[in-house]
Amino acid sequence: MRRFKLVPGNGKPYDITKKNFEELTKKEKPYMVTGKDGKKRYFGICPACDNPVQLLGLYKKLENTDNPYGRHYNRDAAIAVHNEQAYRFCPYASHVYMGTERQKKDKLTDFERNIYYAVRNYFDYAIYLLKQITGLNISEKYAGHILREYLAGEGYLYYGATYYNIPWMLLYFCTAEPVYRKLVREGSPLYEMLKERSDVLLKPYKDSLYYQVDKAGNWLDLQYSFILHERKVVNDEVKEEVCFQLFSSDEKGIPVTEAKAVLDINEYRFPNLIHSEEAAKYRHDGLLEIAEQLMPDLPDVGTDRNPSD
Amino acid sequence: MIMDNAENRNQIEDMQNTVNNDGRAADFLPETAVLETEVERILNPDAEDFLWFGLKKGDVHFKIGLSDILMCLKFAEEQGEVPKLPPVWWTRVSSVYPKLDVFLND
């Protein structure tokens, strides 16, 4: 199927596109979850039978079609319980979409391998830049979480992945995170979004440059994510960006945008940092060890693999 | 997270096995610790728990984090010991307490 809904019932169906998925779900759970196998899966609701639908081809080109599509998940998912009877009578339960994609294979070429190894070798630089870009304090633990998310989403196989956009792509493959208890730098985009809110308290954190996000009273329903990665040519110049979103949710659990900021992806910033004279200053053994641990060597070139998406 | 999830899952399976294989008389009560009134809130950005509840057994004092209590609640819900909470509630909570992902992710 080519359309999905956010919630069961009379919800509006949307075309299954990367843009729609990200704008509408903000990459929040349970739309974006990591499975037992450590792989990311993307979910919506079937427009016809209200069953969970796995969205395929959002980030990697499928072998059999150029467009992403939805396939009935045929078992319970966090987003909805599988209803066998509804499924059997669903007009989209056509054999056309069944049983052919589970075994599809991708080639891992030198290009993807090199991006993977660049992430591993320069993870410390990437995290340093991310702290600058987002204004978030990224501890070793949080950095490890970001890397696991990136690997679960197989970000290095994403068709928009390049060497220079590695820092931004690390964020782009993360499921939404709550702002609660995060540390933000004064003046950063997130700080500006939060400072006037009545549901948020920003508390100076120890003797650092950071403020810790606390709730003003009730449960703090605020999360952030990085969505809508786009590359376009404007006046013969490449313009690449990703959108930083702050969002809450309505009574049905559907995400509602509270604030957003477009982050420009500068194609020189990351390579310049790596090759700068001061680069040695930003090396971080702890982060490199994390990358080493989480990212084993890849199989040899040309080895077939079974992707999750 | 992957490792954590596997550990959490084992914990849940162990709990289920304990319930299912319990051959003792149903009214045989276990030894318990007593809940103390003191609750600590520690907002460490890297911690998975922020609320800590005091327990006491004899002279021994110790703490249990809210995420473990939520795990127990989820377990009780699945056993039908408490009414079901809306799935949206659990996904909200799991965004802050990732331990609960074990129930969300297939």
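The values are calculated or read from the model by the stated rules, or taken from the named source; none is laboratory data. Bear in mind the structure is a predicted one, so any value in this text is a computation, not a measurement. Cβ: placed from backbone, ideal geometry, glycine included. Neighbour counts: every protein chain shown.
Here are a few things to note about the model shown:
- A:K203 outside any helix (DSSP H, G or I), within 14 Å of chain B (Cβ to nearest Cβ) and over 23 Å from B:R92 (Cα atoms): yes
- Summed over segment A:124-183, the residues that are out of contact with any Leu (no Cβ under 7 Å at 6 or more places or on another chain), within 18 Å of A:V242 (Cα to Cα), in a helix (DSSP H, G or I) and within 14 Å of another protein chain (Cβ to nearest Cβ) give a count of 2.
- If you check A:R102, A:R113, A:R71 for being under 23 Å from A:C174 (Cβ atoms), more than 18 Å from the chain's Cα centre (by Cα) and either more than 14 Å from chain B (Cβ to nearest Cβ) or at pLDDT 80 or above (or both), only one passes: A:R113.
- The set of residues from segment A:58-77 being in contact with a Ser or Thr (Cβ under 7 Å, 6 or more places away or on another chain) and crowded, with 22+ Cβ neighbours inside 10 Å comprises just one member, A:P68.
- Residue match in segment A:251-258 (condition: basic (K, R), within 14 Å of another protein chain (Cβ to nearest Cβ) and surrounded by fewer than 17 Cβ atoms within 10 Å (Cβ to Cβ)): yes
- Test result for B:L51, within 14 Å of chain A (Cβ to nearest Cβ), surrounded by 15 or more Cβ atoms within 10 Å (Cβ to Cβ), farther than 30 Å from A:Y73 by Cβ and at pLDDT below 95: yes
The rows are residues; the columns are (1) outside any loop (DSSP other than H, G, I, E, B); (2) at pLDDT below 90; (3) not assigned by TED's automatic domain parsing to the domain that holds A:G160.
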| residue | (1), (2), (3) |
| --- | --- |
| A:V213 | yes, no, no |
| A:W219 | no, no, no |
| A:F226 | yes, no, no |
| A:R231 | yes, yes, no |
| A:V238 | yes, yes, no |
| A:V242 | yes, no, no |
| A:Q245 | yes, no, no |
| A:S248 | yes, no, no |
| A:E251 | no, yes, no |
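- Filtered residues of segment B:63-88 (kept if part of a helix (DSSP H, G or I) and within 9 Å of another protein chain (Cβ to nearest Cβ)): B:P87, B:V88
- Of the residues making up segment A:1-29, just one is in contact with a Leu (Cβ under 9 Å, 6 or more places away or on another chain), within 14 Å of chain B (Cβ to nearest Cβ) and surrounded by fewer than 23 Cβ atoms within 10 Å (Cβ to Cβ), namely A:L6.
- Boolean, A:F226 is of a type in the set (F, W, Y), within 14 Å of chain B (Cβ to nearest Cβ) and crowded, with 17+ Cβ neighbours inside 10 Å: no
- Filter result (free of Cβ contacts under 8 Å to residues at least 60 places away in the same chain and part of a strand (DSSP E or B)) within segment A:72-89: A:H72, A:A77
- Among residues of segment B:89-102, those that are at the interface with chain A (Cβ under 8 Å from one of its Cβ atoms) and not charged (D, E, K, R), counted: 4
- Residue within segment A:209-216 that is within 13 Å of chain B (Cβ to nearest Cβ), crowded, with 17+ Cβ neighbours inside 10 Å, touching a Ser or Thr at 6+ places or on another chain (Cβ under 6 Å) and over 24 Å from A:G57 (Cα atoms) present: no
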